[in-house]
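Peer 1: One structure follows; several queries about it will come next.
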Amino acid sequence: MKGNLFIISSPAGGGKTTITNLLLEELPFLKRVVTYTTRKKRKNEIDGVDYVFLKKEEFENLISQDAFLEYALVHGNYYGTPKKEVFQLLEKGFDIILVIDVQGMKQIKQIYPAVITVFILPPSIDDLINRMRLRGESEEEIQKRLDTAKKEIPYWKEYDYIVINDNLLEAKDKIKSVILAERCKSSKFDINIIKDEKLKSLMV
């Protein structure tokens, strides 16, 4: 059975990374393909785990090789999803979860229409600002990300599922339900897991 491709998007501080990490801990069939970026590594981030950190020249060389499923220039830094890793894991039957922005979602939807998309909303703009402050971001950086959020939020209608993150664990459980339900679709069902031959003969 080929895996499902999921995209999780939210404004900066919306909780997409935290929720994704919780889902990865709970669902063994779910994998995250690490995004490549040219931005500077934050404290406590690990190269190859949180992001693959590259120089601008290295990233642009990969663009020329058509190595990305999607890429974007955000706040002066490149972000991109490596194509090869995504398709290899899908073919092995793993579900893939990508944490990317609206630009990336739109690019991938054109290439891979079967993608399943989830947009996480904050309970309020003030809550979003407070979360960014707690992450230690400067007021200038917060304003820049807030401007981007105001452009991204209107695209919620283009997503398959919308989740408000007013309670982290409840928001995580809602997205987990989406992932589990998508795996139960008849189009994804592998008849070969049926052991009873009489039952299987009725299903053919």
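Every number in this text was worked out from the coordinates using simple rules, so none of it is lab data. Since this is a predicted model, take the numbers as computed values, not measurements. Every residue, glycine among them, receives a Cβ derived from its backbone with ideal geometry; neighbour counts consider all protein chains shown.
Peer 1: Each residue of region 92-104 in order: what ³J(HN,Hα) in whole Hz does its phi give by Karplus 6.51 cos²θ - 1.76 cosθ + 1.60, θ = phi - 60°, with x for Gly and Pro?
Peer 2: 7, x, 7, 7, 10, 10, 10, 9, 9, 8, 4, 4, x
Peer 1: Right, something else. In a shell of Cβ-Cβ distance under 15 Å around residue 101, excluding residue 101 itself, what net charge do Lys and Arg (+1) and Asp and Glu (-1) give? Kindly include the intermediate steps, with their values, before the conclusion.
Peer 2: Values: positive: 16, 39, 106, 109, 144, 145, 150, 151; negative: 70, 147, 152, 158.
Charge balance in the 15 Å sphere: +4.
Peer 1: From the phi of every residue in region 118-125, what ³J(HN,Hα) in whole Hz does the Karplus formula 6.51 cos²θ - 1.76 cosθ + 1.60 yield, where θ is phi - 60° and glycine or proline is x?
Peer 2: 10, 10, 9, 9, x, x, 7, 5
Peer 1: With the Cα gyration tensor of region 1-112 giving a ≥ b ≥ c as the square roots of its eigenvalues, does the rule (a/c under 1.5 for rounded; else a/b larger than b/c for prolate; else oblate) give rounded, prolate or oblate?
Peer 2: Oblate, because a/c is 1.5 or more while a/b does not exceed b/c.
Peer 1: Given R₀ = 35 Å, FRET efficiency for residue 199-residue 177 by Cβ-Cβ distance, to 0.05?
Peer 2: Result of the calculation: an efficiency of 0.80.
Peer 1: Could I ask something else about it? Can you give the extra length, in nm with one decimal, that the chain gains between residue 158 and residue 58 once fully stretched, where that is 0.36 nm per residue apart less the Cα-Cα distance?
Peer 2: Full-extension gain reported as 32.8 nm.
Peer 1: Follow-up. For residue 68, which sequence-distant residues (separation of 5 or more, or a different chain) have an amide H within less than 5 Å of its own amide H, given hydrogens modelled in the peptide plane?
Peer 2: 83
Peer 1: Over the chain, what is the percentage of antiparallel beta bridges among all DSSP beta bridges, to the nearest 5?
Peer 2: 30
Peer 1: At 0.36 nm per residue, minus the direct Cα-Cα distance, what do residue 106 and residue 138 gain on full extension? Give it in nm, one decimal, please.
Peer 2: Between residue 106 and residue 138, full extension yields an extra 8.6 nm.
Peer 1: Enter the Cα centre distance for the pair region 106-158 and region 2-42, rounded to the nearest angstrom.
Peer 2: 14
Peer 1: Moving to a separate point now. Sorting 86, 74 on the 10 Å Cβ count, fewest up front, what's the list? It would help to have the intermediate numbers written out before the result.
Peer 2: On the way: 86 22, 74 18.
Placing the least packed residue first, the sequence is 74, 86.
Peer 1: Amide H to amide H, which residues 5 or more places from residue 4 or on other chains are under 5 Å from it, using H placed in the peptide plane?
Peer 2: Placed amide hydrogens put 95, 96 under 5 Å from residue 4.
Peer 1: Still on this structure: How about residue 55: which lysines have a C-alpha closer than 16 Å to its C-alpha, ignoring those fewer than 8 places off in the same chain?
Peer 2: Output for residue 55: 40, 41.
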